[in-house]
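Shown next, in structure tokens, is the structure this report addresses.
The values are calculated or read from the model by the stated rules, or taken from the named source; none is laboratory data. Predicted model, so just to flag it, every value in this text is computed and none were measured. We place every Cβ from the backbone using ideal geometry, glycine too, and count neighbours over all the protein chains shown.
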């Protein structure tokens with residue numbers, strides 16, 4: 001069964017450093033997403049991406065965040081200067097269509113900022 | 001800005017049906033109702049979704065009230081592997097069908 005893969009599974013970084021979280025969406029999917037989940041809290045939407053541009057973003061997704069699809073398979077989330085409060089699980093997801101469809105999630109990257 | 005309301009937790013016995021309720025009184029006519037679940041230490045997993053009519057798939061059934069202000073996820077025969085947090089989520093047309101997550105219901109299955 002096709003799946004969304006994320007690397008690394010766990011990333012520890014120093015405050016102020018840049019991190020790049022990587023995702024390989026399902027190959028025939030057109031819509032890509034990043035979510036985050038702070039420990040013990042609900043899942044929060046960060047950004048959606050379609051046709052090589054951002055289609056929606058939340059208030060959390062400020063200028064410190066960026067997304068890119070550098071080639072035909074990878075989808076990345078960059079945090080330019082990490083803060084302690086960026087510590088969370090980050091989930092990538094992809095879907096075939098925008099509405100009336102299911103999203104497939106990766107297993108997540110646990111980001112710890114120290 | 002959660003658009004759905006669910007009980008914080010529910011308990012059920014193994015091999016019995018489970019009915020997980022969700023209220024979404026502010027739903028609009030074009031918003032889809034999705035259910036996802038999250039097993040411990042895993043990413044969210046799609047369960048089912050619908051718009052107006054009841055839906056069935058191999059995992060569960062979704063019963064949608066006639067006024068669409070509430071819905072119920074039905075697991076027909078719960079197993080220990082169904083213990084998870086179940087999220088009732090609206091996919092909102094005005095936000096490009098972004099999934100608006102609530103706090104979810106933690107389902108505990110007793111052997």
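A few points about this structure:
- Matching residues in region A:15-45 - criterion: being without any contact (Cβ under 8 Å) to a residue 40 or more places away in the chain and part of a loop (DSSP other than H, G, I, E, B): A:40, A:41, A:42
- Among residues of region A:96-110 being farther than 15 Å from residue B:38 by Cα and modelled with pLDDT under 95, the one that is farthest from the other protein chains (Cβ to nearest Cβ) is A:96.
- Subset of region B:100-111 that is within 13 Å of another protein chain (Cβ to nearest Cβ) and out of contact with any strand residue (DSSP E or B) (no Cβ under 6 Å at 6 or more places or on another chain) - its residue that is surrounded by the most Cβ atoms within 10 Å (Cβ to Cβ): B:102
- Test: residue A:49 is more than 9 Å from chain B (Cβ to nearest Cβ), outside any loop (DSSP other than H, G, I, E, B), within 30 Å of residue B:30 (Cα to Cα) and free of Cβ contacts under 8 Å to residues at least 40 places away in the same chain: yes
- Answer residue from region B:81-99, given it is within 14 Å of another protein chain (Cβ to nearest Cβ) and surrounded by fewer than 21 Cβ atoms within 10 Å (Cβ to Cβ) and is nearest to residue A:59 (Cα to Cα) among those: B:95
- Residue in region A:57-78 that is touching a residue at least 60 places away in the same chain (Cβ under 8 Å) and under 15 Å from residue A:113 (Cβ atoms) present: yes
- Yes/no for residue A:70 being in a loop (DSSP other than H, G, I, E, B) and over 27 Å from residue B:90 (Cα atoms): yes
- Residue A:104 surrounded by 14 or more Cβ atoms within 10 Å (Cβ to Cβ) and in contact (Cβ under 8 Å) with a residue 60 or more places away in the chain: yes
- For region B:1-80, the strands (runs of 3 or more DSSP E) that sit wholly inside it and include 1 or more residues that are without any contact (Cβ under 8 Å) to a residue 40 or more places away in the chain, more than 11 Å from every other protein chain (Cβ to nearest Cβ) and surrounded by fewer than 21 Cβ atoms within 10 Å (Cβ to Cβ) are B:61-64.
- In the condition set (1) surrounded by 13 or more Cβ atoms within 10 Å (Cβ to Cβ); (2) under 15 Å from residue A:85 (Cα atoms); (3) within 14 Å of another protein chain (Cβ to nearest Cβ), residue A:56 is compliant with all but (2).
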